[in-house]
Amino acid sequence: MNAVISNPSERRLVLASGRAHPELADAVAEHLGIDLLPTTAYTFANGELYVRFGESVRGADAFVLQSHAAPINEAIMEQLIMIDAMKRASAKRITVIIPSYGYARQDKKHKGREPISARLMADLFKTAGADRVMSVDLHTAQIQGFFDGPVDHLWAMPLLADYVKSRTEPGNLTMVSPDAGRVRLTDQWSDHLGAPLAIIHKRRDPSVPNQVKVHELVGDVKGRTCVLVDDMIDTGGTIVQAVEALFENGAKDVIVAATHGLLSGPAVERLSNSGASEVIVTDTLPIPEEKRFEKLTVLSIAPLIARAVREVFDDGSVTSLFDGAV
């Protein structure tokens, strides 16, 4: 009689997607060489969400992809329900893929009696059944510590920076941080492209959202091509004022580069009418036709996410994708 019972079945990877950004999910699946998990999802008349997977996920290494696009709360809730369904269907390990992490800007208290919603998000995903989180360019690195488990923090900078390098004259670039909070990110760009760094100092009235006043520029930008670097573009107010400040200080050209293109409200009009020659974002969020404009370039993040998924599934190193620079 055998002392053990063996199981000949191999590990299985399944990729499921919510309805927020199906184009990205299809692209990730294509790069992985697999089909998306058949999923039924719909919204009841009262707004409740329903999700059911069409195939067994028992024992599978499950990846649940949902970008937190508008309407953001619906996208988040749908992903939570998908995770719960995976857990109750006996998936072996559940990795939550959040290309753009909702509520990431609420990562600390600015005033008394405020929430730390980014932490609440992490708690919700853990409670739903997530074992691991994967996201692209979190608003601040400290968010990684909010989740009680492994967090794969993917980095879009190499993709964006290599594109900028291919479109600009070497030796005449200056990397510009639009505020003090982006200095570390901009410094990484500077190292990657071998370009000097400039910083725009601004003050934001915490009682008035989406309004910024630019104060002064630290660094030399005269006669140079400036690359404004940020993690996201929401209404475009910060970026447009920064572009104006750079031209006022003698910049030859301004290129805007950001990972997440929220492009809310007046963003498209503001960016179209700004002096920036090009606005570069990735497709971590869906960008419909009505939000696209002549200056906008959208780069695909799907190859990076697919490579990270493969590394996690194979128990490899996600850090190796960035030469350890994460």
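Annotations for the structure displayed:
- Size descriptors for region 214-326, from the alpha-carbon set: Rg then Dmax equal 16.7, 51 Å.
- When peptides 70-77, 94-101 are ranked by their average number of other Cβ atoms within 10 Å per residue, the highest-first order is 94-101, 70-77.
- Shown for the chain: the carbon plus sulfur share of the solvent-accessible area, taken with all protein chains present and a 1.4 angstrom probe, equals 49%.
- Accessible area per residue, Å², the chain with all protein chains present, probe 1.4 Å: 49 Å²
- Annotation: average projected area of region 1-117 is 11.3 square nanometres, based on the convex hull of Cα atoms across all directions.
- Computed from the Cβ-Cβ distance with R0 of 56 Å, the FRET efficiency linking TYR42 to ASP191 stands at 0.75.
- Averaging the Cα positions of each part gives two centres, and for region 8-39 and region 100-116 these lie 31 Å apart.
- Rounded to two decimals, the Cα radius of gyration of region 54-150 over 2.2 N^0.38 Å is 1.09.
- 10 Å beta-carbon shell around VAL51, net charge (K/R +1, D/E -1): 0
- Spatial separation of Cα centroids for region 305-319 and region 224-282, in angstrom: 33 Å
- Mean residue ellipticity (222 nm) of the chain, computed from DSSP H runs ≥ 4 via -39,500 (n - 2.57), nearest 500: -9000 deg cm²/dmol
- For ASP283, the amide hydrogen comes within under 5 Å of the amide hydrogens of LEU299, ILE301, counting only partners 5 or more places away or on other chains and with H modelled in the peptide plane.
- Shape analysis of the chain based on the Cα gyration tensor places the equivalent ellipsoid semi-axes at 38, 22, 18 Å, largest first.
- Using θ = phi - 60° and Karplus 6.51 cos²θ - 1.76 cosθ + 1.60, couplings along region 252-269 (whole Hz; Gly, Pro as x): 7, 8, 10, 10, 9, 9, 8, 6, 9, x, 5, 6, 7, x, x, 4, 4, 5
- For the chain, built as a Gaussian network whose Cα springs stay under 10 Å, the top-fluctuating residue of GLU169, GLU269, GLU289: GLU289
- Working note: Karplus 6.51/-1.76/1.60 with θ = phi - 60° gives region 168-174 the couplings 10, 7, x, x, 10, 9, 10 Hz, where Gly and Pro are set to x.
- This model, with +1 at the C-beta of Lys and Arg and -1 at the C-beta of Asp and Glu, gives the chain a dipole about its Cα centre of some 740 debye.
- Membrane-span-like helices of the chain, defined as complete DSSP H segments with a Cα extent of 18 Å or more along the helix axis and a mean Kyte hydropathy of at least 1.0, are absent.
The values are calculated or read from the model by the stated rules, or taken from the named source; none is laboratory data. Every value quoted in this text rests on a predicted model; they were computed, and no experiment measured them. So basically every Cβ, Gly included, is an ideal-geometry build from the backbone, and we count neighbours across all protein chains shown. Just so you know, the surface numbers come from the protein's heavy atoms only, side chains and all, with ligands and any DNA or RNA stripped out. Shrake-Rupley method; radii C 1.70, N 1.55, O 1.52, S 1.80 Å.
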